[in-house]
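S.K.: Supplied in structure tokens, the structure appears directly below.
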Amino acid sequence: MLSLNWLDEGKSTKCNEVRNKRHNINNYWLARSEEILDGAFMCKIFVENITCIKDWHHGAGLIKFDKNVNENGFYGYASILFMSSSKFNSPFNRGSSITNYPEKWKNGDEILIKRDHENNIWFGLNDESKMVKSCTEEGKFRIVLGFLNKDKENEVFKMIYLQKLCQNK
């Protein structure tokens with residue numbers, strides 16, 4: 001298994017846990033995985049506590065390995081995201097795509113993020129057989145959790161699984 005830790009960038013990260021709370025920064029903040037991913041992988045993030053489910057309040061997915069928030073504090077410009085509201089963003093863009101997942105995030109869910117051997121990016125909740133393809137992208141990425149910088153009630157997310165996928169022969 002790969003490292004489950006989030007980078008310590010002075011935000012609310014500790015080992016595999018992210019706590020969403022207000023920071024003295026711009027509109028958005030994010031947590032990026034220590035692990036840089038190039039190739040096929042599977043990731044699971046446990047939603048221990050979530051209190052608000054609106055567009056851009058939470059996003060989970062992939063961010064280009066060498067990017068962070070931009071000058072306005074936004075992370076969508078460098079990300080492929082599955083939002084808590086069930087929408088997928090247009091990759092590397094603020095706009096939401098027309099693709100939606102049938103469920104919003106809730107307490108106890110496992111957010112699933114997968115890149116297969118053809119560089120297809122898949123997202124889902126709890127069940128791998130119900131994952132939805134978002135796009136196709138190659139390159140190096142980190143796992144990302146992004147948040148709108150608003151008052152929250154101790155929202156907690158934990159990366160519980162991160163594994164490279166073997167090529168089936």
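S.K.: Sort largest first and round to whole Å: the equivalent ellipsoid semi-axes of the chain, each the square root of five times a Cα gyration tensor eigenvalue.
M.R.: Working: eigenvalues 98, 57, 53 Å².
Listed largest to smallest, the semi-axes of the chain are 22, 17, 16 Å.
S.K.: Need the list of lysines near K150 for cross-linking: C-alpha distance under 26 angstrom, and skip anything on the same chain fewer than eight residues off.
M.R.: Hits, sequence-local ones excluded: K11, K14, K21, K44, K54, K64, K67, K87, K104, K106, K158.
S.K.: Fewest Cβ neighbours within 10 Å first, please rank H57, H117 accordingly. Provide the component values of the computation, followed by the final result.
M.R.: Values: H57 21, H117 11.
Ordered by Cβ neighbours within 10 Å, fewest first: H117, H57.
S.K.: Now a separate question. Within 10 Å of each residue's Cβ, count the other Cβ atoms and sort V156, V69 from fewest upward.
M.R.: Details: V156 15, V69 20.
Ordered by Cβ neighbours within 10 Å, fewest first: V156, V69.
S.K.: Expressed in whole Å with the largest first, what are the equivalent ellipsoid semi-axes of region 74-131 derived from the C-alpha gyration tensor as the square root of 5 times each eigenvalue? Before the final figure, lay out each step's value.
M.R.: Working: eigenvalues 67, 46, 19 Å².
Whole-Å semi-axes of the equivalent ellipsoid: 18, 15, 10.
S.K.: Going through region 83-169, which GluC sites (Glu not before Pro) have at most 13 other Cβ atoms within 10 Å and a DSSP loop state? Show your work: numbers first, answer last.
M.R.: Numbers: sites: E103, E110, E118, E128, E137, E138, E153, E155; in loops: E103, E118, E137, E138, E153.
Counting only loop positions with at most 13 other Cβ atoms within 10 Å, the GluC sites (Glu not before Pro) in region 83-169 are E103, E118, E138, E153.
S.K.: With springs only between Cα atoms under 10 Å, which of K158, K106, K54 fluctuates most in a Gaussian network model of the chain?
M.R.: Residue with maximal mean-square fluctuation among K158, K106, K54: K54.
Where a number appears in this text, it was derived from the coordinates with a stated rule and is not lab data. Please read all numbers here as calculations on a predicted model, not as lab measurements. FYI the Cβ positions are ideal-geometry reconstructions off the backbone, even for glycines, and counts take in every protein chain you see.
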